[in-house]
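What follows is a set of notes on a single structure, which appears directly below.
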Amino acid sequence: MKKYIRIMLGAKSVYAEQCYKEGFIGADFDIKQDLTNELPDNWRDFNKKFIPVWQDSHPDKKKVAAGLACGMLWTICKGINIGDVIISPDGNGNYYIGEISGNYYYNSVGILPHRRGITWAKNIILKSDVSPELQRSMGSIGTTSEVTKYAEEIERLIGGKPIPTIISTDETVEDPSVFALEKHLEDFLVKNWKQTVLGKDYNIYEEGEFFGQQYQTDTGAIDILAISKDKKTLLVVELKKGRASDNVVGQIQRYMGYVKEELAESYQTVRGVIIALEDDIRIKRALSVTTNIDFYKYQVSFKLYQ
């Protein structure tokens, strides 16, 4: 399936214009070697080898940041396929858009040495034409951010069709258009994190350009990875856009196990939170015998107009 990826081309899009003119995307991450023969199909194998390399040059950074850095580098070099769509902020508030046209190559003398060829579209997507929820998703911290869930909107933008307007009836929603449909729950929660009960004790993990949204693990992506304000607890947040079944308990426990074994420092503990529209007797029974997973329900009211 075609993927849609937002990529930052340098801090604050400083290299976006050059990449647009020369037909490539790229990354750096201080890995100073050709990765042509170092890109396994599985990102976990790449991280296992290159996390220590990255940490050697960033001794002051934590394992969470190392995992994010190596994961994003692998995504650009290998995880994005030929034919996938790339959206890059141009540094002026608008967006370049193009299609990946080539495999990885290394340029040791230029900017962003780890590169992929791309065929850029001539037209630029204007920020004023983009819905607030897609803007928010593309504005998230981090070099890469998958926005495939907005594929329909992106295709409409390319075709010049208007986006429906969304109006909230809930005054507690800071940015109602971020919620949109239930599939946008994650972006809504990230945007309104400080206004939630979780935001009182936790911050979404953030260190420089690294951000704990859609953090990859060896059993899937964590929706949100947060850290307590005292830095002693890592929090795994799993979102379900409807009724949660007891299967989600095993899922979040797998993510928590990964965080405990691969990311947590010796002084840190790991907790989990499941957020869903509804629960049932099965998940209540499953959670009754856990001591480190909490359950929350969400409720937002909104209307759609054209």
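Nearest 500 deg cm²/dmol is fine: what mean residue ellipticity at 222 nm does the chain get from its DSSP H runs of n ≥ 4 alone, each adding -39,500 (n - 2.57), divided by its residue count? Don't skip to the end; give the middle numbers.
On the way: 9 runs with 80 residues, N = 306.
The helix-only estimate for the chain comes to -7500 deg cm²/dmol at 222 nm.
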TODO: List the residues whose amide H sits under 5 Å from the amide H of Ile125, counting only those 5 or more places along or on another chain, with H placed 1.01 Å from N in the peptide plane.
DONE: Tyr95, Ile97
Open item on the list: For a quick check: with amide H placed at 1.01 Å from N, whose amide H comes under 5 Å from Phe24's, ignoring anything fewer than 5 positions away on the same chain?
Closed with: Ile118
Open item on the list: Per residue, how big is the convex hull of the stretch 4-159 when only Cα atoms are used? Give it in Å³.
Closed with: 114 Å³
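For each of Asp187, Asp129, Asp280, count neighbouring Cβ atoms within 10 Å of the residue's Cβ, then give the residues from fewest to most. Could you put the intermediate results ahead of the total?
Values: Asp187 23, Asp129 16, Asp280 12.
Fewest-to-most ranking of Asp187, Asp129, Asp280: Asp280, Asp129, Asp187.
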Open item on the list: Taking only complete DSSP H runs, can you tell me which helices of the chain stretch 15 Å or more along their own long axis by Cα positions and average at least -0.5 on the Kyte-Doolittle scale?
Closed with: 63-74, 247-258
TODO: For the chain, give the magnitude of the charge dipole about the Cα centre (Cβ charges: +1 Lys/Arg, -1 Asp/Glu; no others), in debye to the nearest 20.
DONE: 280 debye
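List the trypsin sites (Lys or Arg not before Pro) within the stretch 10-48 that DSSP assigns to loop and that have no more than 11 neighbouring Cβ atoms inside 10 Å. Intermediate values should be presented prior to the final figure.
Details: sites: Lys12, Lys21, Lys32, Arg44, Lys48; in loops: Lys32.
Sites meeting the loop and neighbour criteria: Lys32.
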Open item on the list: Using all alpha carbons of the stretch 3-49, what is the percent of pairwise distances in each 10 Å bin, ordered from the shortest bin to the longest?
Closed with: 20, 41, 35, 4
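Taking the highest mean first, how do the peptides 196-207, 65-76 order by number of other beta carbon atoms within 10 angstrom per residue?
Details: 196-207: 16.0, 65-76: 24.2.
Per-residue Cβ counts within 10 Å, averaged per peptide and sorted highest first, yield 65-76, 196-207.
Of Lys48/Lys229; Lys32/Lys127; Lys3/Lys240; Lys78/Lys122, which sit over 31 Å apart, Cα to Cα? Before the final figure, lay out each step's value.
Working: Lys48/Lys229 29 Å; Lys32/Lys127 35 Å; Lys3/Lys240 22 Å; Lys78/Lys122 25 Å.
Violating the 31 Å limit, Cα to Cα: Lys32/Lys127.
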Task: Most mobile listed residue (Thr119, Thr148, Thr291) in the chain, GNM with C-alpha springs under 10 Å - done: Thr291
- [ ] Using the charge dipole of the chain (Lys, Arg: +1 at Cβ; Asp, Glu: -1 at Cβ; taken about the Cα centre), state which of Ser13, Cys70, Ile125 has its Cα farthest towards the positive end.
- [x] Cys70
TODO: Could you tell me, in Å, what Rg and Dmax come out for the Cα atoms of the chain?
DONE: 19.9, 60
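Laboratory data are not the source of any read-out in this text; all were calculated from the coordinates shown. Keep in mind it's a predicted model, so treat the numbers as computed, not measured. No Cβ is skipped: glycine too gets one built from the backbone with ideal geometry, and neighbour counts run over all protein chains shown.
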